[in-house]
Amino acid sequence: MKMKRRNNILLMIGISVVMTLSSCKDEQRKITFNDLPFVSQEFLSAHFPNEVVSYIMEDDEMFDKTYEVRFIDGDNVDFDAEGVWDNVDCHNDSVPESILDVKILDYINLHHQGTYVVEIDKNRYNYDVELNNGLDLVFDSDFDFKRYDD
């Protein structure tokens, strides 16, 4: 009988935890430039000095925060919780070359003359680079070309 009661209590606790976690939703709120981590502010000032910010959103996820900066022309930059960029999407405009490593630029200039980067996405293992002709290239964390992606 004690075992059954203990199992029921554990089941109730488990259900409570699942219900609590499932009710925790991401919370987005609009913030100002000064609310961004300082690293993000420096990045934007260095690489997008003439861009006009349309809005900045802070996404407060359950265990982390992320930031999205959207410019008037629709371009956007995403930052992780520490304020380090992880995606720059300039749609049909060129991603500032100052963001790109020289090895990436050299590879593109050598193998894809006349094209430019419209989006770069980085994660722990690689950099995904999209060119204006729609071609996707993958570079490793040392900026060495690895493959084309679809």
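The values are calculated or read from the model by the stated rules, or taken from the named source; none is laboratory data. Bear in mind that the values here come from a model prediction, so they are computed numbers and not experimental data. No Cβ is skipped: glycine too gets one built from the backbone with ideal geometry, and neighbour counts run over all protein chains shown. Ligands, DNA and RNA are excluded from the accessible area calculation, which covers all protein heavy atoms including side chains. Shrake-Rupley method; radii C 1.70, N 1.55, O 1.52, S 1.80 Å.
Percent of C-alpha pairs per 5 Å bin in segment 32-91, short distances first: 4, 20, 34, 27, 10, 4, 1.
Ranked from largest to smallest solvent-accessible area, with a 1.4 Å probe on the protein heavy atoms, THR66, THR32 come out as THR32, THR66. Cα-based radius of gyration for segment 82-135, normalised by 2.2 N^0.38 Å, reads 1.09. Using a probe of 1.4 Å on the protein chains alone, the accessible area found for ASP86 is around 50 Å².
Phi angles across segment 73-85 convert, under the Karplus curve 6.51 cos²θ - 1.76 cosθ + 1.60 with θ = phi - 60°, into 3J(HN,Hα) values of 7, x, 5, 8, 10, 10, 10, 7, 4, 7, x, 8, 5 Hz, Gly and Pro given as x. Partner aspartates and glutamates whose Cα lies under 12 Å from the Cα of LYS30, excluding those fewer than 8 positions away in the same chain, are identified as GLU58, ASP59, ASP60, GLU68.
Subtracting the Cα-Cα distance of GLN28 and ASP93 from their residue separation scaled by 0.36 nm leaves 20.7 nm. Note down the net charge around SER141, summing +1 for each Lys or Arg and -1 for each Asp or Glu among other residues with Cβ under 15 Å from its Cβ. Summing Lys and Arg as +1 and Asp and Glu as -1 gives -2. Remark: segment 25-149 is approximated by an ellipsoid whose semi-axes, taken from the C-alpha gyration tensor as √(5λ), come to 27, 16, 12 Å, largest first. Among the chymotrypsin sites (Phe, Trp or Tyr not before Pro) in segment 47-150, those located in a DSSP loop and surrounded by at most 12 other Cβ atoms within 10 Å of their own Cβ are PHE63, TYR125. Figure note: VAL52, VAL77 ranked by solvent-accessible area, largest first, 1.4 Å probe, ligands and nucleic acids not counted: VAL52, VAL77.
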